[in-house]
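**Q** Let me give you the structure first, and then I'll get to my questions.
Just so it is clear, none of the values below were taken in a lab; they were calculated from the coordinates. Here the structure is a predicted model, which is why all the values come from computation and not from measurement. Neighbour counts are summed over all protein chains in view; Cβ atoms, including those assigned to glycine, are modelled from backbone coordinates with ideal geometry.
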Amino acid sequence: MSLSLGAPAQDAPAVADDGVWLECISCGGQFAPFDDIRFTCDDCDGLLEVRYADPPTWDDFSGEGVWRYSAGLPFEEGVSLPEGHTPLHEVPRLREDIGVNRLRVKHEGMNPTGSFKDRGMTVGVRVAEELGVDRLACASTGNTSAALAAYGARAGLETLVLLPAGKVAAGKVAQASLHDARILEVDGNFDACLDIVQNLANKGEVYLLNSLNPFRLEGQKTIGFEILEEFRDDYGRFPDRIVLPVGNAGNTAALFKAFRELVAAGAMDADEVPALTGVQAAGAAPMVEAIENGADEVRRWEEVETRATAIRIGNPVNAPKALPGIRETGGTAVAVDDEAITEAQRDLAREGVGVEPASAASVAGLRTLRGRGVVDADEDVVCLTTGHLLKDPDAAYEAGGDPEPVANSTSAVLEHIGAE
Ligand SMILES: *Cc1c(COP(=O)(O)O)cnc(C)c1O
Ligand SMILES: [Zn+2]
């Protein structure tokens with residue numbers, strides 16, 4: 001496997017288009033990026049990665065949001081709403097409570113459709129235009145469908161989304177619906193939906209925009225660039241650790257790729273790379289199992305359950321990219337139960353940061369690892385919160401306090417709140 005940290009920049013192969021090509025992470029097969037539609041390697045079915053002859057360094061970046069980083073993307077601009085440039089919140093009470101040197105929260109819920117998926121879609125839909133496809137599709141635990149529907153609408157393309165029936169948070173279905181995606185509810189879990197949509201893509205019926213699509217991860221890579229730039233501007237150094245929820249492990253793979261490209265370009269030393277720390281819900285934790293067992297492959301979990309529906313995934317398709325990311329950066333993976341997730345959702349809310357359950361898993365995981373002494377007190381940590389509170393209003397109501405009925409008069413209200 002050619003994933004290792006600090007691999008030097010490569011000369012562009014003959015198949016490259018303007019210094020960009022696709023490369024199989026398993027067999028090294030190289031393919032032209034935009035001549036044909038492919039999602040995996042023609043030869044071995046391995047995962048593909050977008051490669052650049054000239055990975056970018058800090059001076060190459062200008063502007064704001066995802067397209068600030070176009071020097072490290074396959075295009076100069078895309079179908080944009082616009083996305084990226086999300087806040088890196090300070091959370092002083094939570095930092096104190098968990099007990100680390102610095103704690104910042106990168107709130108990806110502040111993207112246009114309320115999750116980081118927008119970063120991948122702005123690039124992915126641009127590529128779809130380049131390829132000349134007319135129907136976009138994804139399987140989704142919710143946020144991918146919301147993002148695809150919005151970016152597809154913006155581009156004037158037809159969108160089809162496959163959702164696990166009854167397991168998608170209300171806000172996400174509402175978004176896909178209003179942005180006019182065709183929504184198919186499948187009597188099965190997310191992994192079954194992805195199997196089906198992959199088959200549709202292989203038959204040429206749809207262009208697949210799940211994170212198996214290597215171009216989506218290019219957009220998501222910019223989360224890493226943004227965190228590193230902002231942290232360095234504030235403190236003159238990079239964070240020691242980035243903690244993030246893991247579903248299909250696309251973000252884990254994308255952040256690792258951002259680091260590798262910066263190291264290859266000489267923009268960061270290999271020993272400055274943050275430790276990638278993945279968090280899964282205990283009821284859907286195949287990546288954690290693989291990390292704990294030192295396994296090279298992830299075992300598909302057929303039965304998965306968690307309140308954090310965005311990460312209710314038993315077969316993380318990007319595991320072959322993400323496992324080396326966790327290991328080579330000195331990171332780890334940890335499982336947290338739903339109660340800890342809800343508690344972390346409240347912790348963040350107390351700091352004014354409203355997130356959906358999957359996002360809170362990052363903070364729950366950090367707390368668990370700090371408690372076990374895996375994370376040290378002197379570490380500088382960034383937690384990634386992936387989706388907005390309003391995505392899952394039902395979970396928010398359950399985690400929060402109940403409204404109190406009161407009679408229609410000032411005196412009744414005064415009495416109710418215990419005032420004299
Ligand atoms: C998609 C999603 C995740 C999982 O991200 P992966 O890249 O698939 O690991 C986590 N949280 C939220 C809110 C998501 O929408
Ligand atoms: Zn291959």
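**Q** Arrange the peptides 372-381, 175-184 so that the one whose residues have, on average, the most other Cβ atoms within 10 Å appears first.
**A** Top to bottom by mean Cβ count within 10 Å: 175-184, 372-381.
**Q** Treat each spin label as a single point 7 Å out from the Cα along the C-beta direction, and report the R300 to V413 distance in nm.
**A** Using points 7 Å along Cα→Cβ, the separation is 5.7 nm.
**Q** For the chain, build the charge dipole from Cβ charges (+1 Lys, Arg; -1 Asp, Glu) around the Cα centre, then report which of A407, S80, L323 sits farthest towards its positive end.
**A** Going by the charge dipole, the pick is A407.
**Q** Express in nm, to one decimal, how much length is gained between A165 and E420 on full extension, taking 0.36 nm for each residue of separation and deducting their alpha carbon distance.
**A** Using 0.36 nm per residue and subtracting the Cα-Cα distance, I get 86.7 nm.
**Q** Same structure, new question: Going highest first, how would you order 211-217, 319-325, 35-41, 302-308 by mean Cβ packing within 10 Å?
**A** Result, highest mean first: 211-217, 319-325, 302-308, 35-41.
**Q** Taking every pair of Cα atoms in region 117-212, average 1/r, invert it to obtain the Kirkwood radius, and report Rg/Rh to two decimals.
**A** Ratio value, two decimals: 0.93.
**Q** Taking N as the number of residues in region 56-161, what is its Cα Rg relative to 2.2 N^0.38 Å? Don't skip to the answer; put the middle values down first.
**A** Numbers: Rg = 16.4 Å, N = 106, 2.2 N^0.38 = 12.9 Å.
The value comes to 1.27.
**Q** Computed over the Cα atoms of the chain, what is the ratio Rg over Rh, Rh following Kirkwood? Let's see the in-between values first.
**A** Working: Rg = 21.1 Å, Rh = 21.6 Å.
That ratio equals 0.98.
**Q** Please give the contour-minus-distance gain from E404 to D59: 0.36 nm per residue of separation, less the Cα-Cα distance, rounded to one decimal in nm.
**A** Separation in residues times 0.36 nm, less the Cα-Cα distance, equals 118.7 nm.
**Q** Test of understanding: what is the full-extension gain from A155 to E76, defined as 0.36 nm times their sequence separation minus their Cα-Cα distance?
**A** Result for the pair: 26.8 nm of gain on full extension.
**Q** For region 297-372 and region 194-235, write down the distance between their C-alpha centroids in whole Å.
**A** Distance between centres, Cα-based: 18 Å.
**Q** Here is a follow-up. With the contact rule set at Cα under 8 Å and sequence spacing of 6 or more, what percent relative contact order holds for region 117-212? Before the final figure, lay out the partial values.
**A** Details: 164 pairs, mean separation 32.2, N = 96.
Reported relative contact order: 34 percent.
**Q** Once the other residues with Cβ under 13 Å from the Cβ of E343 are scored (Lys, Arg +1; Asp, Glu -1), what is the net sum?
**A** Residues close to E343 contribute a combined charge of -2.
**Q** Quote the relative contact order of region 41-85 in percent (integer), defining contacts as alpha-carbon pairs under 8 Å separated by 6+ residues.
**A** Working: 29 pairs, mean separation 13.0, N = 45.
Relative contact order comes out at 29 percent.
**Q** Using per-residue counts of other Cβ atoms within 10 Å, averaged over each peptide, order 260-273, 354-367 from highest down.
**A** Those peptides, ordered most packed to least, come out 354-367, 260-273.
**Q** Once the other residues with Cβ under 11 Å from the Cβ of E218 are scored (Lys, Arg +1; Asp, Glu -1), what is the net sum?
**A** Cβ neighbours under 11 Å give a net charge of +4.
**Q** Which net charge results when you count Lys and Arg as +1 and Asp and Glu as -1 among the other residues whose beta-carbon is under 9 Å from that of I98?
**A** Details: positive: R95, R367, R370; negative: E96, D97, D347.
Net charge in that neighbourhood comes out at 0.
**Q** Taking the Cα centre of region 340-420 as origin and charging only Cβ (+1 Lys, Arg; -1 Asp, Glu), how large is the dipole, in debye to the nearest 20?
**A** 220 debye
**Q** When the dipole is taken about the Cα centre of the chain, and only Lys, Arg (+1) and Asp, Glu (-1) are charged at their Cβ, what size is it in debye, to the nearest 20? Please list the in-between numbers first.
**A** Working: 36 positive and 69 negative charges, 62 e Å.
It works out to roughly 300 debye.
**Q** Find which of T113, F259, P33 sits farthest along the positive direction of the dipole of the chain, computed with +1 on the beta-carbon of Lys and Arg, -1 on that of Asp and Glu, about the Cα centre.
**A** Result: T113, furthest along the dipole toward the positive end.
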